[in-house]
Structure formats: structure tokens, C-alpha cells
Amino acid sequence: MSEAEDFARLMRELKDRGGLSYGVLARRLHTSTSTLHRYCNGEALPAEFAVVDRFARACGASAAEAVDLHRAWLLADARRRAGATAPDPVPVPVPVPVLAPDQAAAAVEAEPERTVVVGPAGMVGRAAGTGPTGAESGARPSWYRRRAAGVAAAGLTAGAVALALLAVTGPDRGTPHAGAGPGAGIGTRGSGGSASAAATPSAPGAAPGATPTDPATGTAQPSASSGGSATASAPASASAPAPVPGRAPAAPLKAAVRSHVWAAGCDHAYLAERGPGSVPPPPVQADAPAWATAQRAVHAGSQIVEITLHGTGGGAVVLEGLEVRVGARRTPPAWNVYQMSQGCGGGLTPAVFAVNLDAPRPLARPVAGNDAGNRLPAPAFPMRVSADEPVVLRVEAVTTGCDCDWSLDLRWTSPAGSGTLRLDDGGRPLRTSAATGRPVYGYALEQGRWAR
């Protein structure tokens, strides 16, 4: 049974036991009846955990059942993200025979006329992802040409040099390898605005990922709040590779970073330069990344970041600690504050790591939560994570005095070694700005406009 089917089974069991119809549950979850049908049949998966939490409460799930449902959703969501961002297969270079000049001359005389180009680019084309087609792969090498023996020998010599360089540099300098240096773990932008962050091993000479800078001035660049979740990934093998002397191991972790998490699923505020007449109505939480990007808006006063971690190998990984790095501090912009909701409530206050960005050296401090009167213990390191046991970290950063660019460094240890994993907003720093004294607007539904 797949992770999505297991999650759907748990939802059906809770619904049947609760005795509520799809229509009643759909209204309590603020979704459509057809969408809820798809969740319970395994045809779709909720994009946000808030939907799963409300479903469990509506069905009267116990604390243990809610935990099981949450864990099943995390596994199914991780599988969905992994399927959406599966890396392309690593191309393999094709060995090319090198002939002596007299053999090349004989081959040229025997080969019919072709129109392909001879040279080093032809030799390395497969490593760059432009290898021969299926029709060419069964034919004679495409670098033969009908020319004099001296020209053919020169072309073959250039090909031999290119092949030698390929053997030294590897099949693809942009492809991460297990045990690679600081570049290992840098992935590609996937669907839904997902981008990978860099895994920064702890090794001599390996520097952590830096805040984007202006190439002309060298100063840190402010970034508009971007959408989606960022996936920090590193290659993994079936078994932990032995450490290579002089090289730091790649992080055996994947991290899905959500940078637009609203309190109780509805309460948040953004700073935007545009006037209220030019700003569209507030979105739902799932559409917040695209809305904020279109308005060039930044998080106002506070920002909640949720990181879902799971291992990529067969063994367990120990998470040792979380460090906060502030890359830039600026004066908060004199923009308007737009509240996403006029107020909402919930019986769940998750346990978080609280970060005060105004502190000279911000720390991630564990804070206990509350679930309908039941105390939730504060998160504490070290933590254990594996492919079958994901971990969710929730970080809430606040500021009252700066427009801050910041990121997180997660320290980890595994049998293959140790290092750090950079957690940011799709390769760019997270950005949170103070909003004290700025005009505050809320959306008046009855009037269909923003009002103070």
C-alpha cells in the first residue's frame, strides 16, 4: 500500500467512525465535497497540514490517532514532493576509439559521406546531455569524414584530447556526487516553485552558502518574499558511503521548506508598497506564495517557516542543532500592512523554535505549545530522522526594528560523517521586516475593498 493510500484509509476510518457526512465535513474544513471525496479515495492529498488537523478534530480523533494521521500525511507529502522533483538521469559518456593516422586514412576511404561536425564538442556532447540518437548509436562513429588522411588524423587527435579532459573532469561537472565538496546537494528548481538549497558539509575550506550579493558592490541584496517551498536535497546511496579523505560527505537529508505558513492557517500580514486600490483581495494560505510574489510583498512583523525533513539513505541521521544567520539588516520600508484575516482562532498552538531577529546574535529557542489545554513539549535537539521517520521543525521569527535577510543552518551527523544543511527560501534568504507604525489595512468583504 502506498503512502497516499495509507493516508486515505486513515481518513475513511475516522470519517466512518465519526458518523459525519461528506457535506458536513467539507463545510467544517472550508473545502468542497468533491475535494473531500478525493482525499478519502486517495485521488488527491491536502496541500496543507491545517486541513488534516481540522479533519481529525471534526471526526473526534484521539491524540494517538491524530499523530498517526499527521505522520501518514507527512510520508505521503514527502513522496509527492520527491516524485515532482525527481532528478534527471546522469548521462554516461560514450567511449570513442582512437585510431592511428594510417588506420584513420583507411577508415575515411571506406566510410560514405556524412555531414556531421568533427571536433571536441562532438566528443563531449553526450556528457552535456546531447548524445547520439537511437539511429546514430548503432552506426559507425559520427566523427569520420571524407577528407585527406592528415585532416582525419587531426580531427581524431582533437577528439582524444577532449576525451582525456572528460575523464579528468568527470561525466558532468554540474552533477552532484556522493562525497562531493561544497557544491554537493545543490539541486534544481522543481514544480510548484520548489527550489533546492545547498548542503554545506563541515570540512576545511568548505564555506556555508552566502546571502546573494550585488556583483558590482558586494552588498547584500534584499529579496522579495518568494513563493513555494524550498527543497534542500543531497544524493544518497542504498548504504552509507565510506568517508573519502580530503572530502566531506554529502548530506543524507532532504528538506521541504515552507516559508508562507500562517498562524492557525489564516492569520498573517504582509508589507507591500502598492496602495490599497491596486492590491487584490487576500488569498487563501495555499495561494499566498504566488500572491506575495505578484505584489512584491514581504512578511510583516513575523514569519513562520516549516521544515519537513526525512533521510535519503538506509540509516538514521541525528539532527544536532539549528543556527540562525542574519545576512543583512536594513531600515524597514515605509509600506502598507495588509492583514490576511480579520482574526481567526484555533485550539492548537504548535511547539516552535522562536527567533528574535533584532538580537545581535539571534538564537533558535525552543518554546512549548498547547493543544486544547494539553501542553505540547518544546522541541529539543538532538533529534533522529530517517526515511521512515520524518521530522517537522517549525520556526517563528519576529522583528520590531529591522528589514532582515536570514537563513538557517541545520547541523547533522550520520555514519558517513557530519555537516550542515542550509535552509532558506529556494536559494535566496528568508526576508522578514518590521511593520511598526505603518498603515494597516484589512479586507472588507461586504464592500469588496481594503479598508483601515
Modelled with pLDDT of 95 or more and either of a type in the set (A, V, I, L, M, F, W, C) or outside the structural domain of Tyr443 (by TED's automatic domain parsing) (or both): does that describe Ala300? yes
Taking the condition of being farther than 18 Å from Asp424 by Cα and assigned to a strand (DSSP E or B), how many residues in region 349-358 meet it? 1
Contacts under 8 angstrom Cβ, first residue in region 19-35 being assigned by TED's automatic domain parsing to the domain that holds Gln285 and surrounded by 15 or more Cβ atoms within 10 Å (Cβ to Cβ), partner of a type in the set (Ser, Thr, Tyr) and modelled with pLDDT of 80 or more, 6 or more apart: none
Here the residues within region 281-307 that are part of a strand (DSSP E or B), polar (S, T, N, Q) and either crowded, with 22+ Cβ neighbours inside 10 Å or free of Cβ contacts under 8 Å to residues at least 60 places away in the same chain (or both) are Gln303
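Results for (1) surrounded by fewer than 17 Cβ atoms within 10 Å (Cβ to Cβ); (2) on the phi < 0 side of the Ramachandran plot; (3) modelled with pLDDT of 90 or more; (4) not assigned by TED's automatic domain parsing to the domain that holds Asp77, shown as yes or no for each residue.
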residue: Cys344; (1), (2), (3), (4): yes, yes, no, yes
residue: Thr349; (1), (2), (3), (4): yes, yes, no, yes
residue: Asp388; (1), (2), (3), (4): yes, yes, no, yes
residue: Thr400; (1), (2), (3), (4): yes, yes, yes, yes
residue: Leu430; (1), (2), (3), (4): no, yes, yes, yes
Taking strands (runs of 3 or more DSSP E) that fall entirely within region 359-436, which contain at least 2 residues that are closer than 26 Å to Ala76 by Cα, hydrophobic (A, V, I, L, M, F, W, C) and in contact (Cβ under 8 Å) with a residue 12 or more places away in the chain? 383-385, 391-398, 403-414, 417-423
If only one of Val108, Val98 is modelled with pLDDT under 60, part of a loop (DSSP other than H, G, I, E, B) and at negative phi, which one is it? Val98
Residues that are crowded, with 19+ Cβ neighbours inside 10 Å and at pLDDT below 85: does region 60-80 have at least one? no
So Gly442 ticks every box in (1) assigned to a loop (DSSP other than H, G, I, E, B); (2) crowded, with 17+ Cβ neighbours inside 10 Å but one. Which box is left unticked? (1)
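The values are calculated or read from the model by the stated rules, or taken from the named source; none is laboratory data. Keep in mind that this is a model prediction, so the values were computed, not measured. Neighbour counts run over all protein chains shown; Cβ positions are idealised from the backbone, glycine included.
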